[in-house]
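Structure first, commentary second.
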Amino acid sequence: MRAWRAAAAAAAVLVLAGCAAPTEPDPDALPAGVTVSLTQQRSDVAERQAQVRVSNGSDAVVTVGAVSVSDPRWTGPATRVVQRRSTLAPGAEVNVRVQLAPVQCAAGGEATAVVSLEYEMDGRAGTAVAPVEEVFPFLAALHERECVEQRARQTAAIGFAGFTPSEAGAPASLELAISPVSEAHDLVVVGIRETNLLTFEGYDPAAGSYPLGIDLTGMGRSGAAASLPLIPARCDSHAVQEDKRGTVFGLLVEVDGVAGRFDLVADPELRGRILSWVAHWCGYGSR
């Protein structure tokens, strides 16, 4: 009798379990088969952009609308640069470029980025919110560089002030100007690195940078300028034609005694002048 009752109770449990409502899908989850990742190409660096890679591994067509990435290391979400809709056939993927917000230096160097993605699939529209992994780690290093730059620029105005081209065989002159704006931090501009396209006459690769040694510490600080003896590091024409990082220089600094680096980028007008000079210097263009 007891065995019969136990069997009946077990059967009742199974019946109730079978009648339980099915688990509802998470309305904020990515559609089944759709994945996202985050990357940054060399061409994105100067413009402070990144790319959300959306891959459609499903059997249905997916249309992607607004895309943004939130991360506490920046003051706001990174939003889609070109406001458009992207249609992905099954098996297709698209890289959606997003514009980074200003850096938030009060935040730590490690955090989880979260993507928000508007989509349409199988006649259903929704907005998915999900953590996004980096194709290769770059966010923590970018955050560190930009915070170093922020503290350095709170202390001094730093930038390229002029460019004087030269004839082939002689160095051009790229003027770097540094002017104190406050005593918020102690700043030493240690050196500047060559690029994939440009180097400096007398540059020692073993040193890792062209030495500058500009000291803005203590009281009574004054401005400084450096004339950088610029020469092409290479003369193959496709290096200029396909240039993306050739006029992005790494500036090595110490801020309050802590070593760091950030990118010093030539503006579009200066970049054009430098690339024209390289073509003239190397003999396949005119200045």
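The values are calculated or read from the model by the stated rules, or taken from the named source; none is laboratory data. Nothing here was measured: the structure is a model prediction, and the numbers come from that model. With ideal geometry, Cβ positions are generated from the backbone for all residues, glycine too; neighbour counts draw on all protein chains shown.
Are any of the residues in the range 213-222 in contact with a helix residue (DSSP H, G or I) (Cβ under 8 Å, 6 or more places away or on another chain), more than 20 Å from Thr247 (Cα to Cα) and part of a strand (DSSP E or B)?
So far as the range 213-222 goes, yes, one or more of its residues are in contact with a helix residue (DSSP H, G or I) (Cβ under 8 Å, 6 or more places away or on another chain), more than 20 Å from Thr247 (Cα to Cα) and part of a strand (DSSP E or B).
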Answer yes or no as to whether Ala128 is in contact (Cβ under 8 Å) with a residue 12 or more places away in the chain, in a loop (DSSP other than H, G, I, E, B) and surrounded by 14 or more Cβ atoms within 10 Å (Cβ to Cβ).
-> no
Give the residue, chosen from Val240, Val278, Val258, that is among the hydrophobic types (A, V, I, L, M, F, W, C), in the same structural domain as Arg151 (by TED's automatic domain parsing) and under 26 Å from Gln154 (Cα atoms).
-> Val258
Can you tell me which residue among Val190, Val181 is among the β-branched types (Val, Ile, Thr), in contact (Cβ under 8 Å) with a residue 12 or more places away in the chain and in contact with a Pro (Cβ under 8 Å, 6 or more places away or on another chain)?
-> Val190
Condition broken by Leu187, with the remaining ones in (1) touching an Asp or Glu at 6+ places or on another chain (Cβ under 9 Å); (2) under 17 Å from Val278 (Cβ atoms); (3) of a type in the set (A, V, I, L, M, F, W, C) satisfied = (2)
Count - residues of the range 69-108 that are part of a strand (DSSP E or B), among the β-branched types (Val, Ile, Thr) and modelled with pLDDT of 95 or more = 6
Would you pick out the residues in the range 167-197 that are among the hydroxyl-bearing types (Ser, Thr, Tyr), closer than 21 Å to Gly218 by Cβ and touching a Gly at 6+ places or on another chain (Cβ under 8 Å)?
-> Ser179
